[in-house]
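**Q** Have a look at this one before I ask anything.
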Amino acid sequence: MTLRKITMEVIARMVADRPVVIFSRTTCCMSHTIKTLISGFGANPTVYELDEVENGGQIERALQQMGCKVSVPVVFIGQQLIGGPNQVMSLQVRNQLVPLLIRAGAIWL
């Protein structure tokens, strides 16, 4: 198995059965902003700080290979890759973020 395949499998396990997952860095202001936005709706995202977890650099590279334009934050909602801050904010501006969080079971209204 290649390192990329192993890392993709690791990411799949990290997001499995979790309504919202955010891959972040403790020093990234955009990561903080996205975590605050999603938490502000009452969601409790699972957050992986890539500068603190084992193999964080490999996970970050794998996320970029999956199509993420920025390294962090990277958001998964309902096990679906949403993308980085631009994609999340675009959903918010179009009033699509909350319905997506509801469908994923991350929040209840």
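The values are calculated or read from the model by the stated rules, or taken from the named source; none is laboratory data. Source: prediction; values computed, not measured. Virtual Cβ from ideal backbone geometry, glycine too; neighbours counted across all protein chains shown. Keep in mind that these areas ignore ligands, DNA and RNA; they rest on the heavy atoms of the full protein, side chains included. Shrake-Rupley method; radii C 1.70, N 1.55, O 1.52, S 1.80 Å.
**Q** Do any GluC sites (Glu not before Pro) in segment 2-109 lie in a loop, going by DSSP, with at most 13 other beta-carbon atoms within 10 Å of their beta carbon, and if so which?
**A** Here the GluC sites (Glu not before Pro) that fit, given the DSSP loop and packing criteria, are 52, 54.
**Q** Over the Cα atoms of segment 29-109, what is the Rg over Rh ratio if Rh follows Kirkwood?
**A** Details: Rg = 12.6 Å, Rh = 13.1 Å.
My calculation puts Rg/Rh at 0.96.
**Q** Can you give the FRET efficiency to the nearest 0.05 for residue 36 and residue 10, using r as the Cβ-Cβ distance and R₀ = 35 Å?
**A** Efficiency, rounded to the nearest 0.05: 0.85.
**Q** From a point 7 Å beyond the Cα of residue 90 in the direction of its Cβ, which residues of segment 59-77 have a backbone N at a distance under 19 Å?
**A** Inside the label zone: 63-77.
**Q** What accessible area per residue comes out for the chain, rounded to a whole number of Å², with a 1.4 Å probe?
**A** Per-residue value: 56 Å².
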